[in-house]
Amino acid sequence: MGEEAVHFSVVDAKDCKQSAFEVGDKTYVICRSDDDLKTSAVKIHDKLTQTWLSPTILGEQPLLTKSQSVIPVSDEKILVIEKGVPLNESIWFLEIDTPFVKQQRKIKETEVVSWSKGVIGVGQKPVVISGPSGVGKGTLIAKLMKDYPSKFGFSVSHTTRSPREKEIDGVHYHFTERIKIEKDISEGKFLEFAHVHGNVYGTSIEAVESVTDEGKRCILDIDVQGARSVRASSLEAIFIFVCPPSFEELEKRLRARGTETEEQIQKRLRNAQAELDQSNEPGLFHHLLVNDDLETCYENLKKLLSLDDDQEDSDDFFNKEDKETASYSIVSKTDSEILLQSETNEGKNGAIHLLALDLSSLSGGAPGRTRGLKIGSVNSF
Ligand SMILES: Nc1ncnc2c1ncn2[C@@H]1O[C@H](COP(=O)(O)OP(=O)(O)OP(=O)(O)O)[C@@H](O)[C@H]1O
Ligand SMILES: Nc1nc2c(ncn2[C@@H]2O[C@H](COP(=O)(O)O)[C@@H](O)[C@H]2O)c(=O)[nH]1
């Protein structure tokens with residue numbers, strides 16, 4: 001195991017405790033007050049220009065404790081372990097140059113950093129279901145949710161369109177104003193958004209991650225533009241496109257549903273053709289399903305989902321006692337792993353309990369979550 005010194009320092013300023021660390025030409029300082037553990041400030045010192053920057057801070061902030069263990073893990077992220085809380089709640093990353101941060105920096109034309117919660121274990125990949133309006137996506141998803149309520153959770157999108165008669169705010173969609181969704185999009189709260197049939201639709205990061213945090217598999221019903229954006233994001237998902245048996249049948253279903261005006265139906269049909277044209281594009285969808293007979297299509301969808309090569313949740317690395325009580329701090333870092341030492345538990349025979357965080361596992365969640373962390377007792381990988 002190669003050695004690399006842990007590089008961090010803690011300085012007590014007048015009214016705030018600081019953790020400072022260098023990455024490239026910049027020094028990042030996380031500053032938190034002992035009196036207010038709810039908020040932290042981040043300052044960046046640019047050594048080249050000798051200037052201090054106050055970046056826009058995105059993402060949910062860590063639940064702060066009185067002390068932390070901090071180490072840069074790459075040019076993109078800094079690992080922050082909050083001490084005194086169980087490991088599952090203690091792992092956070094300050095994203096300083098991830099693709100998400102780079103994108104947000106461009107949009108906002110200002111310096112940006114983003115907090116991202118480290119989540120141990122992979123869970124099952126979210127399922128993105130796309131297809132033309134009226135093909136039956138909602139019908140298939142409703143069946144899945146009814147048959148497997150504890151296994152699947154629906155990502156409730158935001159939309160600026162008006163609710164249909166039986167639609168409930170917060171259940172079918174979060175119905176919202178254009179000005180509000182545009183503000184939230186600009187603040188980086190959305191995984192994807194698109195202008196669809198004349199309205200704005202979008203998937204908030206929270207919509208996906210709240211389902212995954214519940215331990216359920218997240219289902220997204222989004223258009224092809226949205227699927228493309230998710231494909232380009234850090235979220236690893238299964239992409240399914242649902243096709244109609246014919247264009248005539250699609251039109252028939254859309255009309256029979258009776259939820260759109262003639263003008264809206266015409267617009268949806270025009271867009272349907274464009275979506276169908278993209279369904280075979282290499283690298284976009286993993287699976288195509290034809291929704292001719294509903295029951296047959298549903299059975300095929302179930303087959304696809306159970307065939308998915310899901311991994312076991314690596315939570316199993318921990319025993320129950322560790323989960324509830326152990327608190328860890330960083331001991332050392334190599335190119336492949338970071339060693340963590342338990343501060344509260346001594347193993348049998350008085351041995352110190354060491355864990356290794358596999359650095360190759362730092363990916364997979366939506367922005368705001370670093371999902372799929374692999375952590376094991378030393379030598380157990
Ligand atoms: N296999 C099928 N055979 C016949 N009718 C179907 C079938 N699947 C769905 N339908 C019906 O087609 C209509 C459209 O289905 P649904 O609302 O689920 O489509 P959708 O793809 O979710 O549309 P949108 O994208 O506009 O939300 C509904 O009235 C539904 O009952
Ligand atoms: N890109 C996104 N597309 C979405 C989202 N939520 C729904 N949709 C798609 O919009 C159309 C129309 O839906 P409707 O409820 O008005 O009939 C359909 O294709 C949906 O898949 C979203 O969050 N992002």
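The values are calculated or read from the model by the stated rules, or taken from the named source; none is laboratory data. As the structure is a computational prediction, the values presented were derived from the model and not from experiment. Neighbour counts are summed over all protein chains in view; Cβ atoms, including those assigned to glycine, are modelled from backbone coordinates with ideal geometry.
List of remarks:
- Of all residue pairs spaced 6 or more apart or on separate chains, those with beta-carbon atoms under 8 Å, a first member in the range 183-203 that is outside any strand (DSSP E or B) and surrounded by fewer than 21 Cβ atoms within 10 Å (Cβ to Cβ) and a second member that is hydroxyl-bearing (Ser, Thr, Tyr) and modelled with pLDDT of 95 or more are 184/204; 189/204; 197/133.
- Filtered residue count, the range 206-216, keeping only those that are crowded, with 21+ Cβ neighbours inside 10 Å and more than 11 Å from ligand 2 (Cβ to nearest atom): 3
- If only residues of the range 228-251 that are within 16 Å of ligand 1 (Cβ to nearest atom) and outside any helix (DSSP H, G or I) are counted, the one that is surrounded by the most Cβ atoms within 10 Å (Cβ to Cβ) is 241.
- Residue within the range 27-50 that is crowded, with 16+ Cβ neighbours inside 10 Å and within 30 Å of residue 231 (Cα to Cα) present: no
- Considering the range 189-200, the residues that are touching a Ser or Thr at 6+ places or on another chain (Cβ under 7 Å) and under 20 Å from residue 368 (Cα atoms) include one that is nearest to ligand 1 (Cβ to nearest atom), namely 192.
- When the range 124-161 is filtered for residues that are part of a loop (DSSP other than H, G, I, E, B) and away from ligand 1 (no atom under 13 Å from the Cβ), the ones remaining, listed by number, are 124, 125, 126, 148, 149, 150, 151, 155, 156, 160.
- For the range 278-289, residues that are farther than 24 Å from residue 124 by Cβ and loosely packed, with under 15 Cβ neighbours inside 10 Å total 3.
- All positions within the range 47-86 that are of a type outside the set (S, T, N, Q), touching a Phe, Trp or Tyr at 6+ places or on another chain (Cβ under 9 Å) and part of a strand (DSSP E or B): 57, 58, 70, 71, 72, 77, 78, 79, 80, 81, 82
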